[in-house]
Amino acid sequence: MTVTTVEGRAVARYIRSTPQKTRRVVDLIRGKRTEEAVAVLKFAPQAAATPVLKVVESAVANARVKADRSGERLDENTLFVKEVFVDEGPTLKRFRPRAQGRASRILKRTSHITVVVAPRVTSDDAAASTTRKKGAR
């Protein structure tokens, strides 16, 4: 039995949602199994849940393709959200008319969402890989 080291990674850039609002959604799925994360995101009321859901599903698909290319067996039930974070993208500056001929600046923020999924290594798999490494020397 081989330990799969396949990781799926997906990035969505320039998402028109503020990083602060998106991080609230991302915190809901950090460390969860991908099936559970998808279920949580489908029913989350926040608007930022939709792009995060797409990125998680894309990362799972990327892990599947990567495993197929390397010839490894991947059980999608063992995948979990290993790493997920939101970075700040460029801010769009817009102006809104105000009283007495003035104008005020409106900042429309964007986000970059990154998700990494990987199979969870059980203690049996870890013990098997360490004994294999010792025997290889």
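Any read-out appearing in this document is the output of simple, stated calculations on the displayed coordinates, not a laboratory observation. It should be emphasised that the depicted structure is a prediction, and the values quoted were computed from it without experimental measurement. Using ideal geometry, Cβ is built from the backbone for each residue, glycine included, and neighbour counts are taken over all protein chains shown.
Computed over every Cα-Cα pair of the chain and binned at 10 Å starting from 0, the pair-distance distribution P(r) comes out as 12, 33, 25, 16, 9, 4, 2, 1, 0 percent. The simple spin-label model puts a point 7 Å past each Cα toward its Cβ; for E83 and A39 those points are separated by 2.8 nm.
Modelled this way, with points 7 Å down the Cα-to-C-beta line, the labels at A47 and Q20 are 1.5 nm from one another. About the centre of its Cα atoms, the chain shows a dipole size close to 1040 debye [charges on the beta carbon of Lys, Arg (+1) and Asp, Glu (-1) only; nearest 20 debye]. Counting neighbouring beta carbons within 10 Å and listing from fewest to most, the residues S70, S111, S17, S58 come out as S70, S58, S17, S111.
Site pair S70 and R120 shows an inter-label distance of 2.0 nm when each label is modelled 7 Å from Cα along Cα→Cβ.
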